[in-house]
Amino acid sequence: MVVAVCLVLAKLWALAATGALSVAASLADSGLDLMVSLAGLAAVTYAARPPDDDHAFGHSSAEDLAALGQSLFILVSAAVIAFAAVSRLLAPTPPAIDAEWRGIAVMILSILLTVGLVLYQARVARRTGSRVVAADRLHYLGDLIPSAGAILALLAADYGLPRIDSVVALAAAAALALGAVRIWSGAWDALMDRRADPAMIAGISRMAGNWPGVRGFHDLKTRTAGSVVFVNLHIELDGDQSLHEAHAIGAGLRHAILRAYPRADVIIHKDPARPE
């Protein structure tokens, strides 16, 4: 959030100095970054609340609701930038772009700050396993493209090609729209209880099928909510063994799944195996 605030202030100054649409597109992207970070902080804080009487499965869907709102806002911003860019391209005389080198300096600062943030987020994601931090890192990596495009547009304007600015702004708007659609799709799938990634389902199936004492399994069901994947699994055990032995087998399998997939919430039901 601190990095996003610094970038917004710097790009506001650069936009006032240059009037370049490519800088405006980069400013909009940084403004969205700030909103995404704020909303992400609020959503993750709320999602981290423990289950209660009204929310027995926790509050992790708050992350998906926040993502839906963010994606809509991004789409509106992309549409506004694209409209302004097309209007400039169709204008008989393109508007003048001033103080190009001030804008270039701000864009270079933006790239340096973003690279530093991305490296730090990568370290945090490795240490904590947080998917939210990992996703935010990918979002900031995508911000490097509009910043580099703004530098290209400002250089072109300095050499007497001001319309390149509108072309770069259009490309940035398209990138924003595509990102918004991806965010919307992922959040919508989670809210609609879409199953977990097939690779995760296959991994859990292999564990259950090879776990000592488990004679079979069925009804493996998964659903995603925010950064949490809920897993329900029925395993088949020897019906003549003690309750302690059956519990130990189920608990061991559950802990193994949690070690492999730390963001999972696992419930295992034990059934007696059918006589052979």
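Here are the numbers:
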read-out	value
Label-point separation, I267 to L191 (7 Å along Cα→Cβ), nm	2.4 nm
Packing-based exposure ordering (other Cβ within 10 Å, fewest first) of F83, F73, F217	F83, F73, F217
Exposure proxy order (Cβ contacts within 10 Å, fewest to most) of Y261, Y120	Y120, Y261
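All of the numbers you see were taken from the coordinates with simple rules; none came from a lab. Not measured: the values here are computed from a predicted model. Here the Cβ is made from the backbone with ideal geometry for all residues, glycine too, and neighbour counts use every protein chain on show.
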